[in-house]
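K.L.:
This is the structure I want to talk about, given as structure tokens.
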Amino acid sequence: MPRRSRWMHLAAGVALGVTFGIFLKLCLRTSSRTTIEPCPESAKLVDADPLALIGLLPNETVHNSNRTLVFVGVMTAEQYLGSRAKAVYETWSQDLPGRIAFFSSEVSRAPGLPLVPLRNVDDSYPPQKKSFLMLLYMYEKYGDKFEWFMRADDDVYVRGDKLEEFLRSVDSRKPQFIGQAGRGTSDERDALALDYNENFCMGGPGVLFSRETLKRVAPHVKYCLKHLYTTHEDVELGRCVAKFAGVSCTWSYDMQTILHHNGSGNLAYTGRLKNREVHRAITLHPVKDHRQMYRIHSYFKNLRIQELRERSLDLHRDIALAMKELAVPEDQVEDYKLPGDVPLFPAKIGDPDYLGDNKILGAPMDLNRYKPDTIEDIVPFDFISKSLYSASHANPKRRIEGPLREALDDVIREVMEIINAPSRQRGRVIDFNELLYGYTRLQPLHGADHVLDLLLKYRRYRGRKMTAAVRRHAYLQQSFTSMEIREIPMGDPPPFEDPEVLDESEVTNNINPVDYEDFDETRQQQEGFLDKLNVREALESGLMKLQNLPKVLNWGDDGSEEYPVYDRRIHFIMPLSGRQETFGRFMKNYEDIVLKTNEAVSLIVVLYLDTSNPLDYKNSENLVNFYVNTYGKDIRTVLMGTETFSRGAALTEGLKLCSPDDLVFFIDVDMMFNFDTLRRIRIHTIKYHQVYFPVVFSEYNTEVVNGDDYNKLLGDNIEEEPILDEMGEEEEPVEEVEKTEKELINLKYTKEITNDNGYFRQYGFGILAIYKCDFERVGGFDLKIKGWGMEDVQMFETLIKSNLTVLRVADESLVHIFHSVACDKTLQRPQFLMCLGTKASTYGSEKQMVNYMINHPEVMWPPQQAIEEMEKKIEEEKKVEEERKAEEQKKIEAEKKAEAEKKAKAEAEKKAEADKKAEADKKAEADKKAEADKKAEAEKKAETDKKAEADKKAEADKKAEADKKAEADKKTSEEKKGAR
């Protein structure tokens, strides 16, 4: 009995311990937010008001509200509440034509989310219990509040607008069970225990229930939970619906399209989203990385914006057409009033609600809607085939650029969507096969025009099936809409950077810069163009919608200097190696613009020693000291000495003298700048948000720009402008407004921007304005790159991939002064080719090169005598070259022969030495063997002697034994004899 009592006490103790442990786990559980909640309140599950939880008013019904069409229940787990669930709630749930709630385990908590912790449910997989109890909760709490109910996972994206369009086309009063139907693979079919006529809706892309279906199934949830055949939640749900609602999952091929499942796993929807499957889908599954949920949401929002813009254009066109039918002149449309004295456009230019210029936005769809006034205004078409052919480009035949290719893909995809919109009713599908050829042009006022010859494939699947290739011409227009201007916040905390994009984002003091340039039009060109198109008024209207707008962006000069942005100090950082004369020119520019006017600018010069011009090093340092002593301003030098020049490393060293909040500007010694440059740097560079990559204007070779051979044909006379005395009496000179001293200085450092003077370096990225903290956040330059180029391109690509906005516009105030380019042949091949390209592009314009060729036809078509002389000279040079090569070859052969003889001699000596050594080794081996044989013989003899001695001793012992025995026998015999 005592033994049995001990066992009973042991069992009772174990049971009590387990119970107490479970209690403590519930009471003292550490949540995902690393807080220990007190007991017992945290263990008590308090039910929130179901209507308040989802923001549903008590009087809201399916008859009086647009947000009661569908209720979405999202199954999630505690570990995903702060990532996937939060992403769902902040993205597509806000666009639902209904409400949403998240269902998780009993212990889950997530402030800010409409979360329902289900009683007696954990986050184990498979989630059969969670799924069925979620349906029961939806029915009990919201069964009469919504027409449709959706079961969704936390890794699905739902397009609310397309979901609403689809659900309103289906009768919710009937039992409906909608999803992507499945029966499992052939290997799973027996394990799933499905009858021949049964199926299930796959849970991943989402499942939809009508109110009638949920009403029939929900009361039997507990029965279905007790009679599970498999561990597959969606299979058991389908079995339960079939049993109690009498419906199976929709057998429809379209469900695979609109409820789209991507089989790529974690890589699903991480690439391009511009494809037909994504555009046609209502749901996208799976989105495993919650960050991609925001990316997808942003993409669909942009599509929605595009759709709304198209609708606004259609409305403008309808208004313009109606006004034309009413014989209202175009100039009076803006002020036209409807019956009842109601203005058609209440808001005028400058008002926040201004709808745009109907004369521009309401232009009809017509390839001839743009009427050029002069030949120069004609916008020619570019021809598209395998390549792009353009009459206005420096390279008339070139590959189709990426942006144009992407634009054409978008246009063709949209065209195909329009063509296939009625495909279901007509029983046919038309697929895009190939773009045979096309024409495209961009009109600055209206938009893009396309004429495309498309090769299509026609497939009819209803009636008599057939497939045929067809060609169609598409005449298309993409119209510009009204301008939208958005104020960018200044000084907000930095946006989150994806570590996979930036790699080493926390690396500091790892910065390297590069050179770059910009393009723009002259002030007269800009003003004439804006005034002609009435864009100035439209832009001003958009700007007036903003609050706290920098005054510099308003039309006019009143008070523009008062905006605080102009107090920001700019830190110029300039690498320098040699070129003391050019540096002197830059410092004169810096003196006039900065030092004499007290501009908030400082200069950091990173100085390298140029071994070809060693005196420049000391002279440049002395020049800096001169300006510091003269003006007492902030000009610092970083002496790098004889270190190998690297522009990235130089800028990195200069940045070390700046604080994280400093605005820095990477500049080169060849650049010329003025006050406009400083203004643009300050307003275009926004900490945590935007960097400024100006496209600078690069001057051509001055000898080419000013040379007659390059600018006119032989025999042409260029008419000179009439001087004042030669003007007619009626042509009086226009009185100029007296300019201020600052305007005169600015004019001094302003160049005339024409196609004959230079070009904008659209592929230059070395000139950069950025805050140091933003530069360090993206990891800085690659300090492994030495010499000329490449590091700037890498930095540009890094910034493009980051969360920072890259502003890249033409800046005519930044001018790269021409200098001859010398490309070091020791550079890496990509750097060397880039250098050669820059050298060629800075020589002169295409027009100047054509003029030179025409003026000097001998360059391309030399006379016969010159050809003969050239051929003779080439032949002589060739002969000399061959003789030189033969001499070199002879010399090489002699060197090879001498080397071979030397090598043979060395080999012979080496062989003799080896033979001698082998002979010595052989002799030593023989001596060693003889010694060993002698020793072995001696040992053998000693062994023989030892054996003979032993035999002799044994014989003696044997003889002594025999004598002893004989003596004993004799004695015994005598004793016997005496006894007788």
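K.L.:
Relative contact order of the stretch 298-361, please, whole-number percent, based on alpha carbon pairs below 8 angstrom and at least 6 residues apart. Mind showing how you got there, number by number?
P.N.:
Working: 34 pairs, mean separation 17.8, N = 64.
Taking the mean separation of contacting Cα pairs over the length of the stretch 298-361, I get 28 percent.
K.L.:
Ranked highest first by average number of other Cβ atoms within 10 Å, how do 68-75, 692-699, 795-802 line up?
P.N.:
In descending order of packing, they fall as 692-699, 68-75, 795-802.
K.L.:
Continuing with the same structure: Take H856, H689 and order them by how many other Cβ atoms sit within 10 Å, fewest up front. Each step should come with its number before you reach the end.
P.N.:
On the way: H856 13, H689 19.
Result, fewest neighbours first: H856, H689.
K.L.:
Which entries of K130/K174; K588/K712; K129/K215; K145/K301; K905/K929; K739/K772 have Cα-Cα distances beyond 30 Å here? All intermediate terms of the calculation are to be shown ahead of the outcome.
P.N.:
Working: K130/K174 26 Å; K588/K712 35 Å; K129/K215 19 Å; K145/K301 28 Å; K905/K929 35 Å; K739/K772 37 Å.
With Cα atoms farther than 30 Å apart: K588/K712; K905/K929; K739/K772.
K.L.:
Which order, highest average first, do 616-626, 878-888 follow once you tally other Cβ atoms within 10 Å for each residue and take the mean per peptide? The partial results should precede the final answer.
P.N.:
On the way: 616-626: 16.5, 878-888: 10.4.
Highest mean packing first, the order is 616-626, 878-888.
K.L.:
Check cross-link reach from K965 to the lysines: straight Cα distance under 27 Å, and skip same-chain residues fewer than eight apart.
P.N.:
K965 reaches K947, K952, K953, K976, K977.
K.L.:
Under 18 Å between alpha carbons, and skipping anything fewer than 8 positions from K288 in its own chain: which lysines qualify?
P.N.:
By straight Cα distance, K288 reaches K86.
K.L.:
Order these peptides, 85-92, 565-572, by their mean beta-carbon neighbour count within 10 angstrom, highest first.
P.N.:
Details: 85-92: 22.4, 565-572: 17.0.
The peptides rank, most packed first, as 85-92, 565-572.
K.L.:
Can you tell me how the stretch 350-439 classifies by the Cα gyration tensor, rounded, prolate or oblate, using a/c under 1.5 as the rounded cut?
P.N.:
Judged from the Cα gyration tensor, the stretch 350-439 comes out oblate (a/c at least 1.5, b/c at or above a/b).
K.L.:
Roughly how compact is the stretch 67-288, stated as its Cα Rg over 2.2 N^0.38 Å to two decimals?
P.N.:
Working: Rg = 16.4 Å, N = 222, 2.2 N^0.38 = 17.1 Å.
That ratio works out to 0.95.
K.L.:
Pairs of Cα atoms under 8 Å, at least six residues apart: use those to get the relative contact order of the stretch 67-288, whole percent. Could you put the intermediate results ahead of the total?
P.N.:
Numbers: 424 pairs, mean separation 47.5, N = 222.
Contact order relative to length: 21 percent.
K.L.:
For the pairs K896/K922; K946/K970; K348/K371; K397/K885; K386/K457, note any where the Cα-Cα span goes beyond 30 Å. Each step should come with its number before you reach the end.
P.N.:
On the way: K896/K922 37 Å; K946/K970 35 Å; K348/K371 26 Å; K397/K885 41 Å; K386/K457 20 Å.
Pairs exceeding 30 Å: K896/K922; K946/K970; K397/K885.
K.L.:
May I ask you to derive the relative contact order of the stretch 375-479, considering only C-alpha pairs under 8 Å and at least 6 residues apart, and to give it as an integer percent? Mind showing how you got there, number by number?
P.N.:
On the way: 168 pairs, mean separation 22.9, N = 105.
Relative contact order for the stretch 375-479 comes out at 22 percent.
K.L.:
Output wanted: per-residue J couplings in Hz (rounded whole) for the stretch 409-419, from phi through Karplus 6.51 cos²θ - 1.76 cosθ + 1.60, θ = phi - 60°, x for Gly and Pro.
P.N.:
4, 5, 5, 5, 4, 5, 4, 5, 5, 5, 5
K.L.:
Which three lengths, in whole Å and largest first, does the stretch 298-361 cover when its Cα atoms are put on their principal axes?
P.N.:
Largest to smallest, the principal-axis extents are 41, 26, 21 Å.
K.L.:
Identify all lysines with a Cα-Cα distance to K971 below 20 Å; exclude those on the same chain that are fewer than 8 residues away in sequence.
P.N.:
Within the straight-line limit of under 20 Å, K971 reaches these lysines: K958, K959.
Read the figures in this text as sums done on the coordinates, not as results from a lab. Please read all numbers here as calculations on a predicted model, not as lab measurements. Cβ sites come from the backbone with ideal geometry, for glycine too, and all protein chains shown count toward neighbours.
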